[in-house]
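The values are calculated or read from the model by the stated rules, or taken from the named source; none is laboratory data. The shown structure was predicted, so the numbers you read here are calculated from the model rather than taken from an experiment. Note: ideal-geometry Cβ built from the backbone for every residue, glycine included; neighbour counts use all protein chains shown.
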Amino acid sequence: MNPSKNKRQVDFHAIAQWVGKGERVLDLGCGRGVLLEYLKQKNQVYGVGVDIDFQKILSCIKRGVSAYQGDIKSFLNQFSDNSFDHVILSRTIDQLEEPDFIITKSLQVGKRVTVGFINNGYWVNRWNSLFKGSRTINDVYPNPWYKTLPSNSFSIREFEAFCLKKNIKIEARICYSGDWKKKQTLFCNLLAGYAIYDLSLNDN
């Protein structure tokens, strides 16, 4: 199994812990539907995906995953509050034009929202930026800047500050070290390469 596939499995196992059996799940930026397929097999969820890439939607259909091609913001606006038990944004949020709106709306449409992202505060990224003056190139960032989609990278600290400002409750958090295998519990903003959060609206 190649490293990138191993790292995708990190998402699968963590998210499956938080998604209950038979739940209604909306996967925003679902890609080829691999995560939804996994959740259907493991937790028997009712899953729906949305992605802007039509070819990826075709892959979802081939997997037997219900998915729609379109803009995430427009798609979210079609649903009333608590239409889903879980909304998932796995390695998606940094690619969106209005992440503030998407997360806020997702917390209305879903009872819980799971967000997974690469930690831009990881020490290797800092080192390369400070001493090399260039972005990191590895199996997580395999392509140079001119072959990648526009991205708004952020750190664990920035994300948690956003949650505090927006009165979003962090129900659970899992951070992984740079190899995305071992769980990181100390100095996560510096030493964690990837983080996954399960969120809800704070009633207080």
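A few points about this structure:
- Qualifying residue in region 53-68 (condition: of a type in the set (V, I, T), under 17 Å from S106 (Cα atoms) and out of contact with any Phe, Trp or Tyr (no Cβ under 6 Å at 6 or more places or on another chain)): no
- Test: G116 is small (G, A, S), more than 16 Å from the chain's Cα centre (by Cα) and modelled with pLDDT of 90 or more: no
- Residues being of a type outside the set (D, E, K, R) and touching an Asp or Glu at 6+ places or on another chain (Cβ under 6 Å) - total across region 67-107: 3
Yes or no, residue by residue, for (1) closer than 23 Å to R24 by Cα; (2) in contact (Cβ under 8 Å) with a residue 24 or more places away in the chain; (3) β-branched (V, I, T):
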{"residue": "V50", "(1), (2), (3)": "yes, yes, yes"}
{"residue": "S74", "(1), (2), (3)": "yes, no, no"}
{"residue": "P99", "(1), (2), (3)": "yes, yes, no"}
{"residue": "S129", "(1), (2), (3)": "no, no, no"}
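- Members of region 141-182 that are of a type in the set (G, A, S) and at pLDDT 85 or above: S153, S155, A161, A172, S177, G178
- Residue in region 35-47 that is within 14 Å of T92 (Cα to Cα) and either among the aromatic types (F, W, Y) or out of contact with any Pro (no Cβ under 6 Å at 6 or more places or on another chain) (or both) present: yes
- From L58, L35, residue being of a type in the set (A, V, I, L, M, F, W, C) and under 14 Å from the mean Cα position of the chain (by Cα): L35
- Test result for E171, among the charged types (D, E, K, R), within 23 Å of H13 (Cβ to Cβ) and assigned to a helix (DSSP H, G or I): no
- Listed conditions (1) among the acidic types (D, E); (2) assigned to a loop (DSSP other than H, G, I, E, B); (3) at pLDDT 95 or above are all met by E97, apart from (3).
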